Amino acid sequence: MMNKHERGGGEAVVQYLDSNLRIIKPGAFVRCAVTGKPIPLDELKYWSVELQEAYASPEVVMMRITGKTLPGKG
């Protein structure tokens, strides 16, 4: 679980694995690869192992996959 890791206040550097994460540099959050929004590590649920990217929500994952924006967002 992410809450077991020591966290600083800045941005973490993370290696995204199949079923969990490896903290390379401790921090409080990572940035969504699509929106740039900070995602607290303890709330991070969506990422790509292949692209080594984090995503804020399932909708953002679909934006990345399809290259489209959310309705009403662009």
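Of all residues in the range 1-41, count the ones that are touching a helix residue (DSSP H, G or I) at 6+ places or on another chain (Cβ under 7 Å), more than 16 Å from GLU53 (Cβ to Cβ) and at pLDDT 95 or above.
Number satisfying all stated conditions: 1.
Where the second residue is open to solvent by 70 Å² or more (accessible area, probe 1.4 Å) and the first is farther than 11 Å from THR35 by Cβ and lies in the range 47-69, which pairs have Cβ atoms under 6 Å and are six or more apart or on separate chains?
Pairs that qualify, where the first residue is farther than 11 Å from THR35 by Cβ and the partner is open to solvent by 70 Å² or more (accessible area, probe 1.4 Å), are VAL49/ASP18; VAL61/TYR46.
Which of the numbered conditions does ILE65 fail, given that it passes all the others? Conditions: (1) surrounded by fewer than 16 Cβ atoms within 10 Å (Cβ to Cβ); (2) part of a loop (DSSP other than H, G, I, E, B).
Every condition holds for ILE65 apart from (2).
Search the range 17-56 for residues being assigned to a strand (DSSP E or B) and charged (D, E, K, R), and hand back the single one that is surrounded by the most Cβ atoms within 10 Å (Cβ to Cβ).
GLU53
The values are calculated or read from the model by the stated rules, or taken from the named source; none is laboratory data. Quick caveat: nothing in here was measured; it's all calculated off a predicted structure. Note that each Cβ is placed from the backbone with ideal geometry, even for glycine, and that neighbours are counted across all protein chains shown. With ligands, DNA and RNA removed, areas are computed over all heavy atoms of the protein, side chains included. Shrake-Rupley method; radii C 1.70, N 1.55, O 1.52, S 1.80 Å.
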